[in-house]
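Working notes, structure below.
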Amino acid sequence: MKLPKIDWQKTDGLVPAIVQDAATLQVLMLGYMNAAALKKTLRSTKVTFFSRTKQRLWVKGESSGNFLKLVSLEVDCDNDTLLIKANPIGPTCHRGTTSCFGDEGATGVGFLAHLDQVIAARIKSGDKSSYTVRLAQEGVTRCAQKVGEEGVETALAALSAKNPEFSGEAADLIFHLMVLMRVKKLSLTDAISVLEKRHAPKK
């Protein structure tokens, strides 16, 4: 990953760095970086800040183990603010919450990415008290059958049911499709990548 061009003089040697969850895009925290912190972040892939109170470099998670693993880094149009996407290892905030801006969790489309992570974790756990685990262990054929059933129910609800009922059926379809993708060793991201390529501007 290349070192971005930053106007350090304009910002007295420190720039704000906004950190987002790379999967859900939820804003996790805001910190500050100097040139040394940025270089260490790029070299170690562990997000590192400059602590204004301790006046030293500070690796997020150095005491708690809740690191932020760097995925990507961008600078804004004025070259004085960083946007970092990272995979959080545990809660980001020292209060034990997912984000320093509260623990509501990802919302909207971002919630789907969170749900995809939950599905993957449950399948890995092997806990047979979980419907997700039991369905996944029945294999691809059964999971595909469930997607087919839910697809038919969704289509029928679109024609005959009221919108809240239709929304419920659509939610069931999305959930079962996500389970099937995980059983196929894929994730929601794979489907999104296909859609992104299909809708990319023509060169």
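The values are calculated or read from the model by the stated rules, or taken from the named source; none is laboratory data. The shown structure was predicted, so the numbers you read here are calculated from the model rather than taken from an experiment. Neighbour counts run over all protein chains shown; Cβ positions are idealised from the backbone, glycine included.
Check ALA17, ALA35 and return the single one that is farther than 23 Å from GLY105 by Cα and in contact (Cβ under 8 Å) with a residue 12 or more places away in the chain. After ruling out the rest, the residue left standing is ALA35.
Applying the criterion of at least 1 residues that are surrounded by 12 or more Cβ atoms within 10 Å (Cβ to Cβ), touching a residue at least 60 places away in the same chain (Cβ under 8 Å) and not assigned by TED's automatic domain parsing to the domain that holds VAL59 to the helices (runs of 4 or more DSSP H) found wholly in segment 93-203 leaves 109-125, 163-183, 188-198. You will find that of LEU57, LEU3, the residue that is modelled with pLDDT under 90 and more than 27 Å from ILE174 (Cα to Cα) is LEU3 and no other.
Show me the strands (runs of 3 or more DSSP E) found entirely inside segment 1-91 where at least 1 residues are basic (Lys, Arg).
Details: elements: 15-21, 27-33, 48-51, 56-59, 68-75, 82-88.
Answer list for segment 1-91: 56-59, 68-75, 82-88.
For the residues THR154, THR132, the requirement of being under 14 Å from LEU115 (Cβ atoms) and polar (S, T, N, Q) singles out THR132. Residues in segment 57-69 that are on the phi < 0 side of the Ramachandran plot and exposed (fewer than 10 other Cβ atoms within 10 Å of the Cβ): SER63 alone.
Residue-wise test of (1) farther than 28 Å from THR189 by Cβ; (2) among the aliphatic types (A, V, I, L, M).
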{"residue": "PRO4", "(1), (2)": "no, no"}
{"residue": "ALA22", "(1), (2)": "no, yes"}
{"residue": "VAL59", "(1), (2)": "no, yes"}
{"residue": "ARG95", "(1), (2)": "yes, no"}
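Can you find a residue in segment 113-130 that is within 30 Å of LEU42 (Cβ to Cβ) and in contact with an Asp or Glu (Cβ under 9 Å, 6 or more places away or on another chain)? Within segment 113-130, one or more residues are within 30 Å of LEU42 (Cβ to Cβ) and in contact with an Asp or Glu (Cβ under 9 Å, 6 or more places away or on another chain).
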